[in-house]
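The values are calculated or read from the model by the stated rules, or taken from the named source; none is laboratory data. In this text the structure is predicted, and so the values were computed from the model without any measurement. Cβ placement follows ideal geometry from the backbone for every residue including glycine, while neighbour counts extend to all protein chains displayed.
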Amino acid sequence: MEDELANLSILDAEEEAFQEDVVVIEQNFQFSLVGCCLTDSVVNFSTLHNTMADLWYPIRGICITDIGNKCYLFQFFNEVDVQRVMAGTPWFFNIHLLLLHQIQKRENPSVLSLIYSEFWIQVHELPAGLMSEPMARQFSDFLGKFLHYNTSIPSSGNKNYMRIHVLLDVTAPLKRKKKIQVGGVLIVYGSFKYEKLSLFCFICGKLGHGESYCPFRLRIDPSKIIFRWDLSIRAVPR
């Protein structure tokens with residue numbers, strides 16, 4: 001009986017909370033990015049550290065930290081380096097897309113969901129009259145989120161195309177084309193080509209893996225697999 005009472009006393013003591021004033025400790029993430037590689041493969045941190053430091057070559061240096069779950073903290077020491085890196089997206093490490101996000105005030109880099117990346121996308125096969133900012137915004141809303149529109153009209157050979165800057169959800173399949181009906185009569189298709197496009201799957205159209213490692217292979221008979229994507233969506237380097 002005494003032992004049981006002693007055990008109850010211990011349990012009661014465990015439930016008595018220490019009283020402590022709330023102290024908010026904010027880590028300074030100014031000039032910092034959080035990033036991860038879009039791959040299920042193991043990433044060698046030492047190699048990534050050296051590769052990205054050499055590739056970006058920041059004016060004031062860089063501190064790169066592994067914060068777990070295949071995520072990395074990139075700490076710069078001035079705004080110029082941060083903006084130069086963000087302006088150069090998308091970046092890649094060993095052909096894998098490096099997803100980057102500039103950390104905002106009160107954001108915790110360890111719990112951020114990294115599923116977006118910026119891409120410049122070319123829209124081909126459009127009549128000249130459809131190459132406008134309103135049309136660029138419509139295409140951007142279809143592809144992802146509108147960021148910027150190149151007001152000049154680039155050309156490939158003797159053909160012009162529209163160029164738009166879009167924030168893409170990398171968990172979604174890449175869009176290949178979009179149907180446009182003009183005046184209720186004329187129907188055209190705008191075809192998309194992605195600049196700096198690296199590894200993607202010809203089966204499911206998603207970034208981050210090739211067709212050999214596509215999850216659809218686990219659910220579909222090999223004889224019924226259809227390759228709906230191909231290299232035609234990769235833009236020729238400008």
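Contact map, the range 31-49: first residue at negative phi and aromatic (Phe, Trp, Tyr), second residue at pLDDT 95 or above and part of a strand (DSSP E or B), Cβ cut-off under 9 Å, separation 6 or more or different chains; pairs are Phe45/Ile64; Phe45/Asp66; Phe45/Tyr72.
Rundown of residues vs (1) over 24 Å from Met86 (Cα atoms); (2) modelled with pLDDT of 95 or more; (3) among the charged types (D, E, K, R), yes/no style:
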{"residue": "Ala17", "(1), (2), (3)": "yes, no, no"}
{"residue": "Gln30", "(1), (2), (3)": "no, no, no"}
{"residue": "Asn50", "(1), (2), (3)": "no, yes, no"}
{"residue": "Thr65", "(1), (2), (3)": "no, yes, no"}
{"residue": "Asn69", "(1), (2), (3)": "no, no, no"}
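Taking the conditions exactly as written (part of a loop (DSSP other than H, G, I, E, B), modelled with pLDDT of 95 or more and more than 17 Å from the chain's Cα centre (by Cα)), does Ile203 satisfy them or not? Spelling it out, Ile203 is indeed part of a loop (DSSP other than H, G, I, E, B), modelled with pLDDT of 95 or more and more than 17 Å from the chain's Cα centre (by Cα). Looking at Leu147, is it within 25 Å of Phe29 (Cβ to Cβ), surrounded by 13 or more Cβ atoms within 10 Å (Cβ to Cβ), touching a strand residue (DSSP E or B) at 6+ places or on another chain (Cβ under 6 Å) and not hydroxyl-bearing (Ser, Thr, Tyr)? Spelling it out, Leu147 is indeed within 25 Å of Phe29 (Cβ to Cβ), surrounded by 13 or more Cβ atoms within 10 Å (Cβ to Cβ), touching a strand residue (DSSP E or B) at 6+ places or on another chain (Cβ under 6 Å) and not hydroxyl-bearing (Ser, Thr, Tyr). In the range 46-64, the qualifying residues are those that are under 17 Å from Glu79 (Cα atoms) and of a type in the set (A, V, I, L, M, F, W, C), and the one that is surrounded by the most Cβ atoms within 10 Å (Cβ to Cβ) is Ile62. If the condition is being assigned by TED's automatic domain parsing to the domain that holds Leu168, at pLDDT below 95 and surrounded by 18 or more Cβ atoms within 10 Å (Cβ to Cβ), then the range 104-129 contributes only Leu126.
Exactly one residue among Arg217, Arg137, Arg163 is basic (Lys, Arg), outside any loop (DSSP other than H, G, I, E, B), surrounded by 13 or more Cβ atoms within 10 Å (Cβ to Cβ) and touching a Pro at 6+ places or on another chain (Cβ under 9 Å), and that residue is Arg163. For the range 169-184, filtered to residues that are charged (D, E, K, R) and in a loop (DSSP other than H, G, I, E, B), the residue that is surrounded by the fewest Cβ atoms within 10 Å (Cβ to Cβ) is Arg176.
Looking across the range 214-238, just one residue is among the hydroxyl-bearing types (Ser, Thr, Tyr) and touching a residue at least 12 places away in the same chain (Cβ under 8 Å), and that is Ser232.
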